[in-house]
1. Considering only the stretch 205-228, state which residues are more than 16 Å from the ligand (Cβ to nearest atom) and either without any contact (Cβ under 8 Å) to a residue 60 or more places away in the chain or among the charged types (D, E, K, R) (or both).
2. Where in the stretch 206-280 are the helices (runs of 4 or more DSSP H), entirely inside, with at least 1 residues that are of a type in the set (Phe, Trp, Tyr) and either at pLDDT 95 or above or under 26 Å from Glu36 (Cα atoms) (or both)?
3. Of the numbered conditions (1) of a type outside the set (Val, Ile, Thr); (2) modelled with pLDDT under 95; (3) surrounded by fewer than 21 Cβ atoms within 10 Å (Cβ to Cβ), Arg134 fails exactly one; give the number of that condition.
4. Residues to consider are Leu62, Leu52, Leu31; find the one that is at negative phi, touching a residue at least 60 places away in the same chain (Cβ under 8 Å) and in a loop (DSSP other than H, G, I, E, B).
5. Could you check the stretch 335-357 and list, in sequence order, the residues that are within 14 Å of the ligand (Cβ to nearest atom) and either surrounded by 22 or more Cβ atoms within 10 Å (Cβ to Cβ) or closer than 21 Å to Phe16 by Cα (or both)?
6. Only one of (1) away from the ligand (no atom under 16 Å from the Cβ); (2) at positive phi; (3) out of contact with any Gly (no Cβ under 8 Å at 6 or more places or on another chain); (4) of a type outside the set (Val, Ile, Thr) fails for Gly148. Which number is that?
7. Determine whether Ala396 is in the same structural domain as Ala176 (by TED's automatic domain parsing) and open to solvent by less than 30 Å² (accessible area, probe 1.4 Å).
8. Answer yes or no as to whether Gly43 is free of Cβ contacts under 8 Å to residues at least 60 places away in the same chain, on the phi > 0 side of the Ramachandran plot, over 18 Å from the mean Cα position of the chain (by Cα) and surrounded by fewer than 22 Cβ atoms within 10 Å (Cβ to Cβ).
Amino acid sequence: MFSVSLGEMKEFMRNFHSEMRKGLAGEKSSLRMLSEYVKKPRGTESGIFLGLDLGGTNFRILLLELTGKRKTRILSSSKFLLHKKHMTGAGTALFDFLAACIKSFTDKYKAGIDRKYRIGFTFSFPVKKRALARGILIRWTKGFRARGVEGKDVVLLLNESLKRKGLRCAEVVALANDTVSTLLARSYEDPDCDIGVILGTGTNACYCERAGEIINIEWGRFSKLRGTPYDKAVDRLSINPGEQLLEKMVSGMYLGRIARLVAEDLPGKGKLPGEFKSEYMSLIESDSSKNMQKTKNLLKKFGMPDPSYSDRKLLKKACSMVSTRAARLGAAAIASVITRMDARLLKKHTVAIDGSVYEKHSGFSRKIKQALKEIFGKNTKNIRLVLTKDASAKGAAILAATAAS
Ligand code: GLC
């Protein structure tokens with residue numbers, strides 16, 4: 001049920017291409033293909049800018065200096081934990097919280113900057129943009145559901161909160177998806193970079209369409225997929241049934257949920273108590289300790305006092321099936337985007353990738369590279385996958401710089 005053959009990856013790519021075309025033409029499609037009103041930086045932009053990143057469990061702020069010579073320097077950075085109440089309460093409370101974090105950051109980092117803070121804002125949700133600093137939230141994803149934000153301009157909301165906090169010297173001048181910031185962060189240094197990918201809590205990508213315009217695909221929403229009964233159950237139990245179907249097969253928010261259902265369905269097995277996180281899968285998959293002792297200890301914490309060795313091996317197999325499928329679907333999606341830009345893979349492409357699953361899940365990046373090799377053969381040498389860590393806030397600052405130059 002979980003295997004993805006080369007033939008299936010190729011079929012995925014054909015479907016993906018046709019959905020991309022429809023989305024770009026404004027026809028009905030599961031891919032949103034949102035225009036970002038941004039082009040790649042030239043590498044000559046310079047100055048000091050503030051970058052924000054909202055989209056997961058932390059809100060990040062970073063002050064970045066751009067040299068104008070394809071180099072950047074982080075002057076200061078902070079991370080603030082988002083509580084459940086911020087993600088699911090009133091939207092104004094969420095934006096007031098962000099403004100309060102920015103105020104505490106700028107109060108701390110004075111360093112003689114008495115001029116205006118120009119802010120780039122990475123907001124990692126589907127946004128319908130109308131200009132670089134104008135964007136309406138279409139729909140929350142990844143467990144967020146703060147009230148009164150869908151259908152509103154998130155730049156206006158943040159700028160209003162900043163004013164309410166008395167921060168007159170700070171203004172959001174650019175807005176971007178995290179995939180776009182990731183692409184910008186890498187392409188400031190590397191002109192070959194033309195795709196930004198996130199494989200973390202959620203999953204998505206952006207790329208340079210003809211004429212260089214950057215498109216946010218929102219590929220997490222891709223729906224031409226053959227899901228298993230386990231995927232259908234995960235979807236049914238989620239807060240957004242019927243939506244984000246590829247995301248629910250590939251991203252960190254859901255992998256643990258699928259693996260748990262598979263494990264619970266094995267003959268004679270009971271329920272796993274507690275939340276089975278994707279991180280646990282990674283630990284179990286990479287467990288090479290004697291008799292899988294590490295897995296035994298982990299399962300003990302789950303209230304399973306004596307899982308047998310054969311159970312532990314079975315669980316390892318289940319986790320690995322689920323994450324291998326995720327990696328192969330991710331690879332097929334990356335391959336689709338590259339071939340949209342360059343059907344015969346004649347040019348070099350750097351794929352900037354960020355996200356916990358790609359970075360930390362045991363074997364994940366290797367499996368993606370392996371699958372790309374199956375798809376492209378020796379031509380894979382033209383594709384470079386580059387882990388671009390913490391790029392969201394950095395890319396946002398670079399974006400603010402492109403707005404200013
Ligand atoms: C979700 C969001 C998307 C974001 C991705 C990765 O899919 O809808 O905008 O890029 O997560 O964070």
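The values are calculated or read from the model by the stated rules, or taken from the named source; none is laboratory data. Predicted model, so just to flag it, every value in this text is computed and none were measured. Glycine gets a Cβ as well: all are built from the backbone with ideal geometry, and neighbour counts include every protein chain shown. With ligands, DNA and RNA removed, areas are computed over all heavy atoms of the protein, side chains included. Shrake-Rupley method; radii C 1.70, N 1.55, O 1.52, S 1.80 Å.
1. Glu209, Arg210, Ala211, Glu213, Lys224, Arg226, Gly227 - these are the residues of the stretch 205-228 that are more than 16 Å from the ligand (Cβ to nearest atom) and either without any contact (Cβ under 8 Å) to a residue 60 or more places away in the chain or among the charged types (D, E, K, R) (or both).
2. Working: elements: 229-237, 247-250, 252-264.
Filter on the stretch 206-280 gives 229-237, 252-264.
3. Every listed condition holds for Arg134 apart from (2).
4. Numbers: Leu62 fails: in a loop (DSSP other than H, G, I, E, B); Leu52 fails: in a loop (DSSP other than H, G, I, E, B).
Matching residue, one of Leu62, Leu52, Leu31: Leu31.
5. Result: Val337, Ala352, Ile353, Asp354, Gly355, Val357.
6. (3)
7. Answer is yes for this residue.
8. Spelling it out, it is not the case that Gly43 is free of Cβ contacts under 8 Å to residues at least 60 places away in the same chain, on the phi > 0 side of the Ramachandran plot, over 18 Å from the mean Cα position of the chain (by Cα) and surrounded by fewer than 22 Cβ atoms within 10 Å (Cβ to Cβ).
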